[in-house]
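Worksheet: the structure to be examined is printed underneath.
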Amino acid sequence: MTTAALSYREPLGQFLVVVGIDGSGKSTLLRALDIPGTAVASWQDLRSHEAPATLAPESPTEIRNRVPPLARAMFIGGHLVAQYEYLVRPRIEAGINVVLDSYHFKLLAKERLFGVGDESLERLCAELPLPNAVVFVDVDPKTAFERKEGVLSPYEYQGEATLENFVAFQSQLRDLVLSQLDSLAYVVVDGSADSADVLRAVRTEIERRVSPSCHLKGSA
């Protein structure tokens, strides 16, 4: 798990990512995920970590929208590097498997959709260590909108906060995230099923990939 610009000690644990569009339910199911020898992490965990508070503020969208493109890219990039450096790397080097919520895949896709992504962010994301495997929780955008129950973030749609705009944005987001996974080992889980069934499916996929006998190279 190396890149051209960043290199680390060979990890003993596995690094996995669970990602999906907004309203897919992935964050909720990750909170319920419990697998021995595997830690579950999300960017919010940085708030209770030794990482500088500026890397995980209470209103990241508000800060992103206040700063110019390069500063925005540096803010997002620092946030992503902190996720790996504080939440992932120490654990996998110690032999603990880590499941991270979204990583850079979703943020980078959104920055592209909003047309505000600086080239420096693209370069940084290309240099971040890649996960061993990714689980994509797939949900129809209309179902995701219903699950949001009218509580939308400006970072989840373009234009007015309508069903049509949410569905259009999330449909594009889905395609962009999946396009980033083409060269990785990944699996798609149907997130529209009963929550208990989705949790069971995600757990099964993760357990299969953290098993010592699992060969992670190649497509899932």
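The values are calculated or read from the model by the stated rules, or taken from the named source; none is laboratory data. Given the structure is predicted, the values throughout are model-derived calculations rather than measurements. Glycine also receives a Cβ, built like all others from the backbone with ideal geometry; neighbour counts cover every protein chain displayed. We work out accessible area using only protein heavy atoms, side chains counted, and drop any ligands, DNA or RNA first. Shrake-Rupley method; radii C 1.70, N 1.55, O 1.52, S 1.80 Å.
Observations, loosely collected:
- LEU70 vs. criteria at pLDDT 95 or above and surrounded by fewer than 22 Cβ atoms within 10 Å (Cβ to Cβ): no
- Applying the criterion of being crowded, with 20+ Cβ neighbours inside 10 Å and without any contact (Cβ under 8 Å) to a residue 40 or more places away in the chain to the residues of the range 96-140, the residue that is nearest to GLU207 (Cα to Cα) is HIS104.
- Looking only at the range 145-198, and only at residues there that are among the acidic types (Asp, Glu) and outside any helix (DSSP H, G or I), the one that is most open to solvent (accessible area, probe 1.4 Å): GLU149
- GLY117 more than 15 Å from the chain's Cα centre (by Cα) and farther than 16 Å from MET74 by Cα: no
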